[in-house]
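Here's the structure we're looking at; comments come further down.
Derivation of every value follows stated rules applied to the coordinates shown; laboratory data play no part. If you're wondering where the values come from, they're calculated on a predicted model, not measured in any experiment. Because the Cβ atoms are built from the backbone with ideal geometry, glycine has one as well, and the counts that use them run over all protein chains shown.
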Amino acid sequence: MIELLHITERRLWESAEAAGEYAMSTRGKTLGDVGFIHLSFPHQVRTVAELLYGTEPAPGELVVLVVDPRRLGGVEVRVEGMKPGGEQFPHLYGPLPVSAVTEVRDWPRPEDRGQKERMLAGDLYLADDPELEADALRAAELGERYNASSVTDLPARRALLRELLGEVGEDVVVRPPLSVDYGQYISIGARTFVNCGAVMLDVAPIRIGQDVQIGPNVQLLTPTHPLDPEPRRAKWEAARPVTIGDNVWLGGGVIVCPGVTIGANTVVGAGAVVTRDLPPDVVAVGSPARVVRRLDTADVP
């Protein structure tokens, strides 16, 4: 499960807690003003907090609400860009039930964070950490079982995939072998097909939309390493999320680099290396990938 986070003023949360539901958006605006509640994925919350409240909020002023999406009682969550081709954020289209908030954290937190928390926040972290090693071992064991599963027992294969990954939509097909780092930070939308040999390194979230077609030997890579040699030698690393929009087609051997978002309906030719965001409704090829055609117009010169 991928946590959803919302940063708000402590007084607003305390009022909502007494009322049983939270209906604020951001900067004092309500759900009625905006139409949805702004949420964040873990790697986004620091940027959002600083954008809305600055780098030095008053002590005790802010809290982060940790939301379990399984407890929303049917309230719709959509992952959307604030502008075309921009970074995507989860939006909650209805009031947030207090019962869906599993933890309330002070913000900013003192720098006593563990390596897993640093990793999920998108900060530099050390992978040589007992908690992360346990998570990686879990994924390796489940991945080994999934990759050895029989084509004659598809229900068992599907059950293993749902146990390995964070979210799996209806009628998803992922042909073994599949390689992941943790698995739990990968979400795949309904009716998506992933051919054999996929590599999904989910140090940061990997979000794959609905009706996506992914060819063989595609790599979705979130990990990054410092350019400066000294922290890299000391084994510090970080990650940036990868987002694949609905109805995208990635040809065989495509490599999607850290931090990239590919817009809905876009086609990426076989062997392309995608180093920057691609907009919706285009065809892109090459290394680095470049747009050669818009799907609603003539070829791009």
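Placing +1 on the Cβ of every Lys and Arg and -1 on the Cβ of every Asp and Glu, with nothing else charged, gives the chain a dipole about its Cα centre of roughly 700 debye. Within region 116-199, the GluC sites (Glu not before Pro) that combine a DSSP coil assignment with at most 10 other C-beta atoms in a 10 angstrom radius are 170. Which residue, 250, 221, 126, has the most motion in a Gaussian network model of the chain that connects Cα atoms within less than 10 Å? Residue with maximal mean-square fluctuation among 250, 221, 126: 126. Expressed to the nearest 5 percent, the antiparallel share of DSSP beta bridges inside the chain is 50 percent. For region 219-248, trypsin sites (Lys or Arg not before Pro) meeting the loop criterion (DSSP other than H, G, I, E, B) and having at most 14 other Cβ atoms within 10 Å: 235. Taking the chain as a Gaussian network of alpha-carbon nodes connected by springs under 10 Å, the highest mean-square fluctuation of the residues 73, 189, 215 belongs to 73. Restricting region 1-92 to trypsin sites (Lys or Arg not before Pro) that sit in a DSSP loop and have at most 14 other Cβ atoms within 10 Å of their own Cβ leaves 27, 29. For region 165-301, just say rounded, prolate or oblate: build the C-alpha gyration tensor, square-root its eigenvalues into a ≥ b ≥ c, call rounded for a/c under 1.5, and beyond that prolate if a/b exceeds b/c, oblate if not. Because a/c hits 1.5 or more and a/b fails to exceed b/c, region 165-301 counts as oblate.
For region 75-220, what is the percent of antiparallel DSSP beta bridges, rounded to the nearest 5? Once the DSSP bridges in region 75-220 are tallied, antiparallel ones form about 30 percent.
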